[in-house]
Amino acid sequence: MKEVRIIIQKIYSGLGTKITLSIDEQSDPEILPQTNELIQKYEDILTVNREQSEIMDINHNAGIKPIQISTEAYDIVKQAVIVSNWHAGFNVAIGPLVKLWKIGFDGANVPSKPQINNALHLTNSDNIILDDVKQTVFLTNPDMELDLGGIAKGYIADKIKEFWLSKGVTNGIINLGGNILLVGRSNHENGMWNIGIQNPELSRGNDLAVVTIPESSIVTSGVYERFLKTNHHMYHHIIDSLTGYPFETNITGITAITPTSTEAEIWTSIGFFNGIDRASKMASELGYQVSFIVIYSDHTIEVSDDIKDKFILTDSDYQIL
């Protein structure tokens, strides 16, 4: 990420990643440790990587009974279910497949075909019953599992921004391990932010381009983030709930730029599964404001028309389509 003169900065660990929080020098420095506490609160509520959380309460009671959860948890689950029911790649019911492969976690392995087929029967988001009045969630089939990994960081980033604005923060950067949410105007005269685009073949922090954007969220995902390497194949962590296997694509990295971080998480997934043309058309039809940057395995890059003049390539090994 390339930006200057954000004076107060703290680095924390959480959400399975490095968290970097930066705010303007006029802000109260205590806002940052308070923000970290807020992150921990949401992680405690939403994680599926521990035995106890509100989401795990839902999973433990799959096929048994509806579970009442907090307003915050219900809000994100409802958003995730609505998007999952578009059946466009994003699927909050992917939990059984994620747990089966364990890519990025101890015990990662290539499951057998029968194991995958069994898990596929458990990933239909239409089998999630929501009750808005009681704020309950019911997974109708035993062994179903929610997994908010494709949306939780975005939701938490948006909550952090709400908190910062309530505390009078005028500009800052929320960086949840590559999930970036910009707050206010930058310190440049034009108020725009210059954000680096990750090279998917190199370690984090190695950029291949810079995009200049106003206050917004920019989320990047790719096959380089977590993977399982075997003697014959490399499997990335983005599982296709239609096949049960990592999605086969020539996309190595995809970035979505949207007004909110929750939206950016969602459209990064949809763009990955559908490609930039179909995803852009879908976003337009649904009334979402989304720009994409897509990096392909042949070192070509596709950029949405509305940000082409704000995109500067810095790596000569790549070319813009």
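Descriptive notes on the structure:
- The condition of being over 21 Å from Asn179 (Cβ atoms), among the hydrophobic types (A, V, I, L, M, F, W, C), open to solvent by 40 Å² or more (accessible area, probe 1.4 Å) and in contact with a Pro (Cβ under 8 Å, 6 or more places away or on another chain) holds for only one of Ile64, Ile7, that being Ile64.
- Residues of the stretch 140-167 classified as open to solvent by less than 10 Å² (accessible area, probe 1.4 Å) and of a type outside the set (Phe, Trp, Tyr), total: 8
- Test result for Val137, part of a loop (DSSP other than H, G, I, E, B), surrounded by 16 or more Cβ atoms within 10 Å (Cβ to Cβ) and among the hydrophobic types (A, V, I, L, M, F, W, C): no
- Residues (open to solvent by less than 20 Å² (accessible area, probe 1.4 Å) and at pLDDT 95 or above) located in the stretch 185-195: Trp193, Ile195
- A count restricted to the stretch 10-42 and to residues that are without any contact (Cβ under 8 Å) to a residue 60 or more places away in the chain and open to solvent by 40 Å² or more (accessible area, probe 1.4 Å) stands at 11.
Quick grid of which residues meet (1) open to solvent by 20 Å² or more (accessible area, probe 1.4 Å); (2) touching a residue at least 24 places away in the same chain (Cβ under 8 Å):
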{"residue": "Val210", "(1), (2)": "yes, yes"}
{"residue": "Ile213", "(1), (2)": "no, yes"}
{"residue": "Lys229", "(1), (2)": "yes, no"}
{"residue": "His232", "(1), (2)": "yes, no"}
{"residue": "Thr252", "(1), (2)": "yes, yes"}
{"residue": "Ser261", "(1), (2)": "no, yes"}
{"residue": "Asn274", "(1), (2)": "yes, yes"}
{"residue": "Gln289", "(1), (2)": "yes, yes"}
{"residue": "Phe292", "(1), (2)": "no, yes"}
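- Test: residue in the stretch 259-273 that is out of contact with any helix residue (DSSP H, G or I) (no Cβ under 8 Å at 6 or more places or on another chain), of a type in the set (S, T, N, Q) and under 21 Å from Thr123 (Cβ atoms): yes
- Each residue in the stretch 61-75 was checked for being part of a loop (DSSP other than H, G, I, E, B) and within 18 Å of Glu43 (Cα to Cα), and 2 pass.
- For Thr170, the conditions (1) open to solvent by 30 Å² or more (accessible area, probe 1.4 Å); (2) at pLDDT 95 or above; (3) within 30 Å of His188 (Cβ to Cβ) are fulfilled apart from (2).
- Strands (runs of 3 or more DSSP E) fully within the stretch 247-321 counting 2 or more residues that are small (Gly, Ala, Ser) and closer than 20 Å to Asn179 by Cα: 251-258
- Being aromatic (Phe, Trp, Tyr) and more than 20 Å from the chain's Cα centre (by Cα) holds for only one residue in Phe247, Phe292, Phe311, and it is Phe311.
- Some residue of the stretch 246-258 being over 30 Å from Asn124 (Cβ atoms) and of a type outside the set (Lys, Arg): yes
- Close pairs (9 angstrom Cβ cut-off, 6 or more residues apart or separate chains): loosely packed, with under 12 Cβ neighbours inside 10 Å in the stretch 118-131, assigned to a helix (DSSP H, G or I) anywhere: Asp126/Ser84
The values are calculated or read from the model by the stated rules, or taken from the named source; none is laboratory data. Keep in mind that what you see is a predicted model, and the values were worked out from it rather than measured. We place every Cβ from the backbone using ideal geometry, glycine too, and count neighbours over all the protein chains shown. Accessible surface areas use protein heavy atoms only, side chains included; no ligands, DNA or RNA. Shrake-Rupley method; radii C 1.70, N 1.55, O 1.52, S 1.80 Å.
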